[in-house]
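J.: If you scroll down you'll find the structure; I have some questions about it.
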Amino acid sequence: MSSLEQTQASAIDTSSETSRAKIGADQGMPVSFPCRFCGTAVRHTFVDLGMSPLCESYLSARQLNEMEPFYPLHVFVCENCFLVQLQEYVSAESIFGEYAYFSSYSESWLAHAKAYTEKMIERFALGPKSQVVELASNDGYLLQYFVSAGIPTLGIEPAANVAAVAVKKGVPTLVKFFNRDSAEELAAQGIKADLLLGNNVLAQVPDLNSFVAGMKILLKPNGVVTMEFPHLVKLMEQGQFDTIYHEHFSYFSLLAAETIFSAHQLILFDLEELSTHGGSLRIYACHKEDRSKGLSSRVLSVRAAEEAAGLSRLDSYSSFAERTKETKYALLEFLIHAHTNGKPVAGYGAPGKGNTLLNYCGIHSDLLPYTVDRNPYKQGKYLPGSHIPIYSPEHIRKTRPDFVLILPWNLKDEIMQQLAYIREWGGKFVVPIPNIQVYP
């Protein structure tokens, strides 16, 4: 049996591997844990970002003097399957039972979703007799476009507060976590997907094997799965350490994704490289038994590029931590210099990535007095860990800061257009990733 086949076989049942979690403790090494895919004892550091709170746990004024839980933000890479991952410190139920992220507050993301819908309808000839299912469908930001096209849809979303918004838009939504069991329940009710999609959800799944196995169950014989996720290659190349947080349990290369899907009898037959979230992959998968879909040269090209970048070698993951420190020092130097010279800096956005950045760098309201966000759910609250207050965007016009630090840097073009008026008083934009840049 080849090493790949051994990896795939072991991935189906990893329960017997839990006893391996303490390997290395006797040698004075940190206690390891079993890889969430293949069960191998994971003990090689990718980057250690210290202690950090849950990035979507925004605080009310009443909570500021209460105890706030922090957890290790220590990322590892598996030496067997090369899945980059965090240990599960908090259950998905605790994180996503009520959620503060609503996809519809980004106009560029809505445009991305609409373009995807049109492309899928045309490419796969979807119509009134088709079934589209989205996993982690959020507030109906994407499925609303399938509904408008008269195509039957179903959203599966664990956060009840977010799902309620989707239902108001006319998007049928099941409030549930998706896994092998829920897929079997839906299949037993006669629900099978022609198109099964998930955008930025794969990283948020602690039990990868159950999740991918569920996709196999829910997919029609000739159906298609599409998944979008930030590409590990881009994260490493551009120092995007702030996309790491507890809500993201795993970080994917194509090589790792192929191995995981193949273990559950799903084959990746095509992909697209996207600009979203600093560089993402959209993978297309189908049943291994489905011979109607040929292998795209794009899969071969990205696979070869990852091999050339060394993503199948453990030593290639070791340099990322040092780059992260350099970004931290550069941002702190900028903020301290601005503060010393009486140049106020305000933040824009209250995204998860911003909270990782601020907490890792030790930035509080002395250097960043406030941030703003379009999401009313976050306004009037405080960022976790840093306790920086969140206002509505109008607060920037009132206070006229010299600099606006864009925390959701992946949306910088959209945000700079929205806030173009800061140039009236000579204001400038600052983007921290991949390197700190000031835009006049």
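The values are calculated or read from the model by the stated rules, or taken from the named source; none is laboratory data. Small disclaimer: the values here were computed from a predicted structure and weren't measured. We place every Cβ from the backbone using ideal geometry, glycine too, and count neighbours over all the protein chains shown. Calculation scope for accessible area: heavy atoms of the full protein, side chains included, ligands and nucleic acids excluded. Shrake-Rupley method; radii C 1.70, N 1.55, O 1.52, S 1.80 Å.
J.: Looking at the stretch 373-384, which of the residues that are surrounded by fewer than 24 Cβ atoms within 10 Å (Cβ to Cβ) and either under 12 Å from Leu405 (Cβ atoms) or basic (Lys, Arg) (or both) is nearest to the chain's Cα centre (by Cα)?
T.: That would be Arg374.
J.: Taking the stretch 308-327 only, how many residues are part of a helix (DSSP H, G or I), of a type in the set (Gly, Ala, Ser) and open to solvent by 80 Å² or more (accessible area, probe 1.4 Å)?
T.: 1
J.: Could you list all residues from the stretch 263-286 that are out of contact with any strand residue (DSSP E or B) (no Cβ under 8 Å at 6 or more places or on another chain), more than 20 Å from Ala309 (Cα to Cα) and small (Gly, Ala, Ser)?
T.: Ala263
J.: Could you please give the count of residues in the stretch 117-166 that are charged (D, E, K, R), part of a loop (DSSP other than H, G, I, E, B) and crowded, with 24+ Cβ neighbours inside 10 Å?
T.: 2
J.: For the stretch 291-302, give me each residue that is closer than 27 Å to Lys220 by Cβ and surrounded by 10 or more Cβ atoms within 10 Å (Cβ to Cβ).
T.: Once the filter is applied, which keeps residues that are closer than 27 Å to Lys220 by Cβ and surrounded by 10 or more Cβ atoms within 10 Å (Cβ to Cβ), the stretch 291-302 yields Lys293, Leu295, Ser296, Arg298, Val299, Leu300, Val302.
J.: Within the stretch 224-240, does at least one residue satisfy the condition of being of a type in the set (Asp, Glu) and part of a loop (DSSP other than H, G, I, E, B)?
T.: No, that holds for no residue.
J.: Pick out the one residue from Glu107, Glu134, Glu88, Glu98 that is closer than 30 Å to Leu255 by Cβ, of a type in the set (Asp, Glu), modelled with pLDDT under 95 and out of contact with any His (no Cβ under 7 Å at 6 or more places or on another chain).
T.: Glu88
J.: Report yes if some residue within the stretch 396-405 is free of Cβ contacts under 8 Å to residues at least 24 places away in the same chain and open to solvent by 10 Å² or more (accessible area, probe 1.4 Å); otherwise report no.
T.: Within the stretch 396-405, one or more residues are free of Cβ contacts under 8 Å to residues at least 24 places away in the same chain and open to solvent by 10 Å² or more (accessible area, probe 1.4 Å).
J.: Within the stretch 340-440, which strands (runs of 3 or more DSSP E) (wholly inside it) include 1 or more residues that are under 26 Å from Val162 (Cβ atoms)?
T.: So the answer is 345-348, 403-406.
J.: If we keep just the residues of the stretch 187-207 that are in a loop (DSSP other than H, G, I, E, B) and either of a type in the set (Ser, Thr, Tyr) or at negative phi (or both), which is surrounded by the fewest Cβ atoms within 10 Å (Cβ to Cβ)?
T.: It comes out as Gln189.
J.: Is one or more of the residues making up the stretch 203-224 more than 18 Å from the chain's Cα centre (by Cα), within 30 Å of Lys378 (Cα to Cα) and at pLDDT below 95?
T.: There is no residue in the stretch 203-224 that is more than 18 Å from the chain's Cα centre (by Cα), within 30 Å of Lys378 (Cα to Cα) and at pLDDT below 95.
J.: Quick one: is Met227 touching a residue at least 40 places away in the same chain (Cβ under 8 Å) and more than 30 Å from Val404 (Cβ to Cβ)?
T.: Yes.
J.: Surrounded by fewer than 18 Cβ atoms within 10 Å (Cβ to Cβ) and more than 24 Å from the chain's Cα centre (by Cα): which single residue out of His364, His387 fits that description?
T.: Checking each option against the conditions leaves just His364.
J.: If you check every pair at least six apart or on different chains, which have Cβ atoms under 7 Å apart with a residue in the stretch 172-194 that is modelled with pLDDT of 95 or more first and a residue that is assigned to a helix (DSSP H, G or I) and open to solvent by 80 Å² or more (accessible area, probe 1.4 Å) second?
T.: Between residues of the stretch 172-194 that are modelled with pLDDT of 95 or more and residues that are assigned to a helix (DSSP H, G or I) and open to solvent by 80 Å² or more (accessible area, probe 1.4 Å), the close pairs are Thr173/Val167.
J.: Now for a separate question. Are any residues in the stretch 208-242 open to solvent by 10 Å² or more (accessible area, probe 1.4 Å) and β-branched (Val, Ile, Thr), and if so, which ones?
T.: Ile217, Val233 - these are the residues of the stretch 208-242 that are open to solvent by 10 Å² or more (accessible area, probe 1.4 Å) and β-branched (Val, Ile, Thr).
J.: Quick one: in the stretch 60-83, of everything that is polar (S, T, N, Q) and not in a loop (DSSP other than H, G, I, E, B), which residue is surrounded by the most Cβ atoms within 10 Å (Cβ to Cβ)?
T.: Checking each candidate, the answer is Gln63.
J.: So which of Tyr370, Tyr348 ends up being in contact with a strand residue (DSSP E or B) (Cβ under 6 Å, 6 or more places away or on another chain), farther than 16 Å from Phe241 by Cα and surrounded by fewer than 22 Cβ atoms within 10 Å (Cβ to Cβ)?
T.: Tyr370
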